[in-house]
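The values are calculated or read from the model by the stated rules, or taken from the named source; none is laboratory data. Predicted model only: the values in this text are computed from it and were never measured. Neighbour counts are summed over all protein chains in view; Cβ atoms, including those assigned to glycine, are modelled from backbone coordinates with ideal geometry. With ligands, DNA and RNA removed, areas are computed over all heavy atoms of the protein, side chains included. Shrake-Rupley method; radii C 1.70, N 1.55, O 1.52, S 1.80 Å.
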Amino acid sequence: GRWTASMRAFRALSTAATSLAPTDVCIVGAARTPIGGFNGTLAKLSAPQLGAHAVKAAVERSGVDPASIQEVFLGNVLSANQGQAPARQAALAAGLPSNVVCTTVNKVCASGLKSAILASQQVQLGLCSALVAGGMESMTNVPYYLPKARFGARMGDATMVDGMVKDGLWDPYNEFHMGMCAEECSANHGISREAQDAHALESYARALAATEAGRFAGEVAPVIIPGRKGDQTVETDEEVFNDAHRLTSARPAFKRDGTVTAGNSSTLSDGAAAVVLTSGAEVQAKGLSPRARIVAYADAAQEPIKFTTSPALAIPVALERAGLTIADVDAFEINEAFSVVSVANNLILGLDPAKVNMFGGAVAMGHPIGASGMRILVTLLSALDHVDGRFGVASICNGGGGASAVVVERIAS
């Protein structure tokens with residue numbers, strides 16, 4: 001359509017801030033917290049507190065006056081017991097003005113990336129010139145539910161329900177854990193336990209190497225945790241330092257003869273990530289220094305049990321809208337809900353694994369579900385800088401059968 005034609009025409013232009021159109025969506029600031037393990041380094045902080053930290057850091061890095069931020073979209077899946085409007089709590093705690101409009105987004109694991117899409121549309125429609133998009137999650141602090149307590153458990157036992165599993169990790173259509181969908185993917189695409197373990201080992205190796213080489217230093221905003229014995233500064237992802245070789249002896253987690261284990265699955269985690277988006281006109285007017293522009297995006301969906309391969313549906317649509325092909329892309333970030341997700345989507349799309357999650361992924365780093373979509377977008381910017389690339393794609397599957405994808409173009413400084 002017209003969008004694709006206009007994107008093809010724009011590709012002929014140089015990747016520089018001077019060539020931006022007024023309604024181009026520019027990423028001018030990006031930040032994330034380190035990712036804490038379940039009941040780990042960030043356990044004392046709620047999702048809005050984590051979100052506030054990422055938002056404040058992203059705004060500070062952007063050079064945008066906080067008072068000029070007009071709207072905030074923040075993904076959050078597990079909102080129980082956090083109080084009203086978690087996105088609003090995070091925005092105000094980050095120092096944004098009281099007139100900022102805030103929306104909490106729940107598209108399960110794709111919430112953070114969908115937030116970027118929604119914010120982008122506000123810029124493209126000319127409704128906003130400066131926004132924040134992001135995601136946040138504290139899986140550690142999700143409460144247990146007592147479903148019968150409101151009406152009284154009149155007789156017999158009352159069962160507690162794990163809110164984290166119920167609202168974040170459970171397929172309500174088939175009444176089983178999302179890991180069973182991963183098992184279905186493994187069977188349908190002939191992906192063995194050995195292939196999944198090999199992927200997981202590589203994810204850990206890449207994440208540890210990237211951490212030790214300081215590849216994440218430009219995106220992580222260290223978090224200070226007050227304590228009786230003094231403050232603790234958390235500045236690296238917690239999971240990456242664990243012994244990855246233990247995963248080869250892990251038992252199947254979801255079915256007796258299965259291939260999916262705790263070792264080749266993403267870990268329960270806490271964290272947040274955010275970007276500041278402005279219009280091209282705002283970049284020119286304020287003399288901002290954009291890192292990238294959002295070229296195109298797409299969502300896709302299929303049967304809920306097949307959610308694992310939905311990125312392979314969303315990515316081609318986003319690329320077609322951008323006027324690009326897979327060969328044009330220098331770096332991919334595809335969320336590793338399970339190792340089988342990454343292996344399957346690579347196979348379906350014919351991707352070079354060396355270009356996908358080059359700094360490791362959620363299997364090694366962790367998967368704070370409401371934040372992960374934005375986390376991969378922030379890391380994608382780092383990956384493009386590392387390889388001096390131009391185009392990148394971030395995509396993430398979500399429970400219910402869906403996925404979101406975003407195409408970005410790095411802007412030369």
Under-5 Å amide H pairs with Asp237, H placed in peptide plane, nonlocal only: Ile35
For the stretch 284-413, what is the accessible area per residue in Å², given a 1.4 Å probe and the full set of protein chains? 26 Å²
Below 8 Å, C-alpha to C-alpha, sequence gap of six or more: please give me the relative contact order for the chain in percent. 28 percent
What are the ³J(HN,Hα) values, in whole Hz, obtained from phi via the Karplus relation 6.51 cos²θ - 1.76 cosθ + 1.60 with θ = phi - 60°, for each residue of the stretch 215-226 in sequence order, with x given for Gly and Pro? 5, 8, 4, x, 9, 7, 9, x, 10, 9, 9, x
For the residue pair Ala301 and Val165, what label-to-label distance in nm results when each label sits 7 Å from Cα along the Cα-to-beta-carbon direction? 2.6 nm
Expressed as a whole percentage, what fraction of the accessible surface of the chain belongs to carbon and sulfur atoms when a 1.4 Å probe is rolled over the protein heavy atoms? 53 percent
May I ask you to give the solvent-accessible area per residue for the stretch 18-149, in square angstrom, as obtained with a 1.4 angstrom probe? 36 Å²
Kirkwood Rh in Å, taken over the stretch 67-189 so that all alpha-carbon pairs contribute: 16.9 Å
Once amide H atoms are built 1.01 Å from N in the peptide plane, which residues 5 or more positions from Gly402, or in another chain, come under 5 Å H to H? Gln302
What list of ³J(HN,Hα) values in whole Hz, one per residue of the stretch 388-403 in order, does the Karplus curve 6.51 cos²θ - 1.76 cosθ + 1.60 (θ = phi - 60°) give from phi, with Gly and Pro shown as x? 6, x, 10, 10, x, 10, 10, 8, 8, 7, 9, x, x, x, x, 6
Taking each pair of distinct Cα atoms in the stretch 282-402 once, what is the resulting Kirkwood hydrodynamic radius in Å? 14.8 Å
Checking the cross-link filter: which lysines have an alpha carbon closer than 21 Å to that of Lys114, excluding same-chain neighbours under 8 positions apart? Lys56, Lys306
Based solely on its DSSP helices, what 222 nm [θ] is calculated for the chain when runs of n ≥ 4 H residues each add -39,500 (n - 2.57) and the sum is averaged over all residues, nearest 500 deg cm²/dmol? -9500 deg cm²/dmol
Coarse-grained scattering of the chain at q = 0.06, 0.11 Å⁻¹, given as base-10 log I(q)/I(0) from a Debye sum over alpha-carbon atoms: -0.22, -0.75
Once phi is turned into θ = phi - 60°, what whole-Hz ³J(HN,Hα) does the Karplus curve with 6.51, -1.76 and 1.60 give for every residue of the stretch 146-153, x standing for Gly and Pro? 10, x, 8, 5, 5, 9, x, 7
Using DSSP loop states and a limit of at most 15 other Cβ atoms within 10 Å to flag chymotrypsin sites (Phe, Trp or Tyr not before Pro), what is the longest stretch of the chain containing no flagged site? 174-413
The Cα extents of the stretch 133-281 along the principal axes, largest first and rounded to whole Å, are 57, 48, 44
Over the stretch 202-322, equivalent-ellipsoid semi-axes from the Cα gyration tensor in Å: 33, 28, 13
Check Tyr297: other-chain or 5+ apart residues with amide H under 5 Å from its amide H, H built from backbone geometry? Val407
With a 1.4 Å probe and every protein chain left in place, tell me how much accessible area Arg293 has, in Å² to the nearest 10. 10 Å²
Let me check I've understood the local charge: for Leu313, count other residues with C-beta under 13 angstrom from its C-beta, Lys and Arg +1, Asp and Glu -1. What total comes out? -2
Sequence of Lys114, Lys286 when ordered by accessible area, the most exposed leading, probe 1.4 angstrom: Lys286, Lys114
The chain: antiparallel bridges as % of DSSP beta bridges, rounded to 5, reads 70 percent
